[in-house]
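Q: Pasting a structure below so you can have a look.
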C-alpha cells in the first residue's frame, strides 16, 4: 500500500515531462534552449513572454480578444440550444426524435476539414463570411450534437414528476424548463461549457477560413503563425503557446469540479 | 443510439408514464419550434447541408482550377475502389483509432485506480494528467515533434544512456504512424483517467466489502464488482476516442505531413483535405469524404450498439 | 456557485461585446476612404522575412503609389499557396499576393496578367508565362540547388577542391563517409516535405534537362514519361546516394529549420539547398567556412538549374486592378525592397540595372558567381519541381514528388518504381 504514492508520483512525473520541457524553455534565452533544453531556467528570463505581449502587430492581444468573443458567444448559444434540444429529445417518444438523435450522433464523427468548403458556401448565402456571427453559427451547428449528447444523458436523471408538478401549477413550458429543469442540469451545462469551450478555443481551421485574414485571427491561429515565424526558436514558440493556452486552462480549473459529473451525467454517479 | 447515456437501472425503476400524460409531454408544434428547432436548424445548415453538397459534388469532376465542371456519375467512386492510397488511409485511420482506444482506456483505467484516493497528492496528479486534454492538438504536435525527431530530446537521452542508433521515431516509415498514435494517446489519456475516476467513485464501498467477506480476491472483485459498474464510463471513453481517432488531422499535418514516404501516415481526414486543397480535385475528394462518412457511421453504430447492450445486460 | 457562474458568464459576454465592437469592421469601410483605395496584400512570415521586414517594404511601395493603402494579411504558415486556395474557395482571394504559385489560379482567370510594357524593367519578362501571359512578376532568380559545403569537414577528410564531375562528387562522398562524416544533409520532415527535393532537382537538371530543356512541357504533351531512361537515371543517382548511406535518412524527420541547423552543427558536409541559404550563412556565420559549388554533371560541363519568378501577383477581382498592378510593380522594383530581399532572403534580383549592395558576404558572392557564370556560358536550365508557368508540374504533383523522394531515400521505392509512381500521380492530377 505504501508504494502507491511513489508509483503514482513516478507515473505522473514521466507523463508530465513533455509539459515540463515547455515550461522551462519559456524562461530561457534561445541559446540556452538549444544548449540545454532539459535544464532548469536559472536565472529565468521573461523576455520570451514579454516579446509575445509586446508584439508590434498585436498578434496575441487582438487574437485573445477575438478568441474570448468567439468562445464565449458560441458556448453560451450552444449551451442554450443544446439544453433545450437535448431536453426535448430526451422527453419525446416520437419516432422522429430517435431519427433526429441518430442523425445528430453521426455528426459527432465528422472532421471539420471534410465539410469546410461547403460550409463557406452556406455562409455566403447569408452574407456571413468573414464575420464573427458566421463563425459562431458554424460552431453552434457543428458542436450542437455533443451538447445534445450530454444533455439527453443528464435529463434522464431528472424526475419527470418534477416537471409535471410545475406544469400543473400553471407555469408554461418555457418557464418550467428554465426555472425548474435547467438549474438541475447545471453539471451537464458545466461539462458542455468546458468541453466546447476548450474545443472552440483550440479550433484552428474554422476561424482561419471563416474569419479569414481580414477580420483578425484567434490566438490559436496566432500559434500557427508563431510557429511559422519562429520555427526552431522554441523559447518564443512555447511562450506564445503557453499564453494562448493559459486562459482556457484557468477556465477549466475554475469549473473542473462540476464537469465530470455533467459528462458522466446520469450514467456514472460521480 | 438514442440512449447512449441512459442509466438502465433508473429507467426500470420509473414506471412508464400513462399515455395521457405522455400525450401532454409529447411534441406539440409550438414546443418543437421553441425547444428543438434552433439547434436542429443550425445543425442542418452547417452540417447536413454541407454533407448534401459533398454528396452532390462527389458525382462531378469539380475542380475550381480546371473548369468546366461536368456530371460524371459514379466515376469517382469507381476509381476510388482501385485507389491504393485510399485503402492505406483507411487502414491507417483504423490502426490509429484502435491503438488510442485500447491504450488510453487501459492506461486510463490503471492510472485511475492508482489515483483513486482523496488526498491532495492525487488531486494534483489528476490535474497533471488532464492538462493535455485542454491543449490544442497543434501545441501538442509541436511539443512532441521537438521530442521525437531524430536529433530530438528523446534520442539525445537514449544516446546518453548508451544506445548508439536510437530509432527514427518519425523518420522510420515503420514507426511514424505508431508515434502519431502514441502522441494522441498521451493527449487523451487524462480524459479517460478522469472519467474512470468518476466511475470508480460511484462503486458502492459496501459492494466491494461484501465481496471481500465472501472471500473474493482483488482480481475477482475487480472483474465481478468494479468492472461492470464502469460500463457507462467505458462507453463515454470509447465514444470520445472514436471521435478523436476518426478526426485525426492536426497531428498528421504538423508532425509528418503524411510522410515519411507516400501515404505512410496519411489518415482519411488528411487525405480528403490534401486532395481538395493541394490537388484541387474537389469532386474526387468529396467522394472520399462520402465513403469516409459512411465507414465512420457504420463503425460508430456497431460499437455503440455493442457497448449499450453491455450496459443494459449488467 | 450559481451566482459566480452567472457573474462569470456576464463578464465574458461583456468582454465579448467589446471584442465584437473592436474587431468586426464593416466590409464597406474597406473601400474608398478619403479618396484612397484599400487593397489587401497577402504575405508570409519566416525567421528571415519577419513582420518588421514586410511593414517596411510595404511602406516603401505605398510611398510611391499614394492612392493605395495596404491592409497586410499574413498566412498561418509558410505554405501560402495552399492558404490562397482556401481563401479563394471561401470567396476571399486577397487583392495582391506575394510569392503564391499562380498555377491553376491563372488558368481559371483569377489573376490579372501583366502587359509587356509593365514588364519592361525585368530581365526575364516572359519567365513563368502561362499561355503566353505573365501573372507573377519575375522579380528574382534562385539557383536551385547550390551545394553548400563545410570547408572544415572537407579539409579534415583531405579534400582540397570541390568536385567538377559527378564521379568526383561520389569520390568525395566516399572519403567523407569513410572518415565518419555523413556526406549530405537532406531534410524533409514535419510539414516541410519539400525540403528533400534538392538533390533530385540537381540530377534532373544534369541528366534530363541538359539534353531536353523543355522536358516537362513535353511531359505535359505526353511525348515523354517519367519512366523514360533519362529520368530514371536521374532518380537512380538519388537511390544510390541513399543506398551508399551518403544521405542520412535521419533528415526525413528534420523540419527545414532543423535541417539547416544540422548542417550548421556539422552533422553532414554538404548541404544542397536553394541559393537563399547564402545570406543565412553570411548573416549568422557557422563555426566553419562555407563553400559553394553547382551540382556537377557526369562530364564536367556546366549546368545551372534556376528558377526565375516568385514575385507579386494581382487578383483579377482586386478592388482596383490597375492600381493594384501599379503597387505590385512598385513593390517589386523598389531598389530598397530588393536590397532587403537580397539581405534577408539571398535573392538574386532579376531587375534591369539592379546591383546588389557592395557589402554582401562571401557565401552570397560565391552563389551569385555560380549564377553569373551560368548566364555567361548559357548553362541555365529549369529547376525540377520548382517550375512555374506552362512548363510546371500539375497542382499537387510537386508535393507527391517530395513524398516519393522520401520513399527513394528510405529505400521503399527504387528509381523505376519512383518514376512509375510519378507517372501514376501525373495521370491522376490531370484527369
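None of the figures in this text is laboratory data; all of them are computed from the coordinates on show. As the structure is a computational prediction, the values presented were derived from the model and not from experiment. FYI the Cβ positions are ideal-geometry reconstructions off the backbone, even for glycines, and counts take in every protein chain you see.
Q: Hey, got the average number of other protein chain Cβ atoms within 10 angstrom for residues in C:100-112?
A: The per-residue average across the peptide is 2.
Q: A further question on this structure: Let me know the mean shielding of A:40-47 by other chains, meaning the per-residue number of their Cβ atoms within 10 Å of its Cβ.
A: Average per residue, whole number: 0.
Q: To continue, here is another question. Mind checking A:186-195 for the average number of partner chain beta-carbons within 10 Å of each residue's beta-carbon?
A: For peptide A:186-195, the averaged partner shielding equals 2.
Q: Scale the Cα Rg of region C:325-431 by the rule-of-thumb value 2.2 N^0.38 Å and send over the ratio, two decimals.
A: 1.45
Q: On a 0 to 90° scale, report how tilted helix A:234-264 is relative to the longest principal axis of chain A, with both axes built from alpha carbons and the result rounded to the nearest 10.
A: 30
Q: Let me ask another. At residue A:254 and residue C:108, where each label point lies 7 Å from the Cα along Cα→Cβ, what is the point-to-point distance in nanometres?
A: The answer from the label model is 4.3 nm.
Q: Next question, about the same structure. Kindly list the residues of region C:361-375 that lie in the label zone of residue C:151, defined by a backbone N under 19 Å from the point 7 Å along the Cα-to-C-beta vector.
A: Of the residues in region C:361-375, C:361-371 have backbone N under 19 Å from the label point off residue C:151.
Q: Can you give the angle from 0 to 90° between the axis of helix C:2-23 and the longest principal axis of chain C, with both taken from C-alpha atoms, to the nearest 10?
A: Between helix and principal axis, roughly 80 degrees.
Q: Sticking with this one: log₁₀ I(q)/I(0) of chain C at q = 0.11 Å⁻¹, via Debye over equal Cα point scatterers, no solvent, to two decimals?
A: So the normalised log intensities are -0.86.
Q: Could you give the nm distance between label points at residue C:375 and residue B:33, where each point is 7 Å from its Cα heading toward the beta carbon?
A: 7.5
Q: Next up: How would region A:1-98 be classified by its alpha-carbon gyration tensor: rounded, prolate or oblate, with rounded meaning a/c under 1.5 and the a/b versus b/c comparison settling the rest?
A: oblate
Q: Oh, and also: Going by how many other beta carbons lie within 10 Å of each one, how would you line up B:249, B:43, A:143, fewest first?
A: B:249, B:43, A:143
Q: Would you look at the GNM of chain B, springs on alpha carbons closer than 10 Å, and say which of B:35, B:222, B:130 moves the most?
A: Checking each option, the largest mean-square fluctuation is seen for B:35.
Q: Can I ask one more? Viscosity 0.890 mPa s, temperature 25 °C: Stokes-Einstein D of region A:50-264 from its Kirkwood Cα radius, in µm² per second?
A: 130
Q: Please say if region B:225-314 is rounded, prolate or oblate, where rounded means a/c under 1.5 for a ≥ b ≥ c the square roots of the C-alpha gyration tensor eigenvalues, and otherwise the choice is prolate for a/b larger than b/c and oblate otherwise?
A: Prolate, because a/c is 1.5 or more and a/b exceeds b/c.
Q: Over all Cα pairs of region C:54-156, how is the pair count split among 10 Å bins, expressed in % and running from 0 up to the last occupied bin?
A: 12, 32, 36, 11, 7, 2
Q: Tell me, C:322, B:311 in order of fewest to most beta-carbon neighbours within 10 Å?
A: Exposure proxy ranking, most exposed first: C:322, B:311.
Q: Cut-off is 10 Å between beta-carbons; in what order do B:142, C:204, B:225 appear when sorted fewest neighbours first?
A: B:225, B:142, C:204
Q: Let me ask something else. Once you sort the root eigenvalues of the Cα gyration tensor of region C:375-431 as a ≥ b ≥ c, which label holds: rounded (a/c under 1.5), prolate (a/b larger than b/c) or oblate (the other case)?
A: Since a/c reaches 1.5 but b/c is at least a/b, the shape of region C:375-431 is classed as oblate.
Q: Output the relative contact order of chain A, whole-number percent, from Cα pairs under 8 angstrom with separation of 6+ residues.
A: Computed value for chain A: 30 percent relative contact order.
Q: Measuring from the lowest to the highest alpha carbon on each principal axis, how far does region C:31-92 reach, largest first, in angstroms?
A: 33, 30, 12
Q: Right, next: What is region B:47-137's relative contact order, in percent, from Cα pairs under 8 angstrom and six or more apart in sequence?
A: Over region B:47-137, the number comes to 12 percent.
Q: Normalised by the number of residues in chain C, what is the relative contact order in percent for Cα pairs under 8 Å and 6+ residues apart?
A: 25
Q: Cα axis of helix C:335-345 to longest principal axis of chain C: angle in degrees, 0 to 90, nearest 10?
A: Roughly 60 degrees, rounded to the nearest 10.
Q: Another question, then. DSSP beta bridges in the protein assembly as shown, what fraction antiparallel, as a percent rounded to 5?
A: 65
Q: Still on this structure: Anyone know which of A:120, A:79, A:220 comes out most mobile in the 10 Å Cα GNM of chain A?
A: A:120
Q: Å³ per residue of the Cα convex hull, for region A:17-71?
A: It is 94 Å³ per residue.
Q: If you bin the C-alpha pair distances of region B:34-313 every 5 Å from 0, what whole percents do you get?
A: 1, 5, 10, 12, 13, 14, 13, 11, 9, 6, 4, 2, 1, 0, 0, 0
Q: Kirkwood Rh, Cα Rg: Rg to Rh for region C:109-199?
A: 1.20
Q: How large is the convex hull of the C-alpha atoms of the protein assembly as shown per residue, in Å³?
A: Taking only Cα atoms, the protein assembly as shown has a hull volume of 179 Å³ per residue.
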